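All remarks here apply to the structure that follows.
Values quoted throughout were computed directly from the atomic coordinates according to the rules given, and no laboratory measurement underlies them. None of the values given here were measured: they were computed from a predicted structure.
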Amino acid sequence: MITTSIYLGRGIIKNLSSILVNEEGVSMDNIWQTIEDFGISREDLKRLSPTYKELFEIYSAIRAYRVSVKYLKELKNKF
C-alpha cells in the first residue's frame, strides 16, 4: 500500500499566537496605520468615537485576518 503525507507546517493556532501583543504595547499611530491600510478610513471610524480598546480589537482582528490568509496561501501552495 502506498501512502502520501504532506507536512502542513505550523498550525494556524501557532501562527495566530505569534501575533499576540499586550493591549498597552501598541501605539495609536501603529493601530491607525494598520486600520487605514486595511481600507477603513480614520474619519469614518472617528464618527463612532471608538475607545482605545475598541480600536485595539479592530487592529487585532485585522492582524489575525492577515496571518490566516498567509497561512492558507502557504497551505494551498503545498498541494
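With the cut-off at 1.5 for a/c, could you classify the range 22-79 from its C-alpha gyration tensor as rounded, prolate or oblate? Because a/c hits 1.5 or more and a/b exceeds b/c, the range 22-79 counts as prolate. Taking each residue as 0.36 nm, the span from TYR65 to SER27 lengthens on full extension beyond its C-alpha to C-alpha distance by 11.7 nm.
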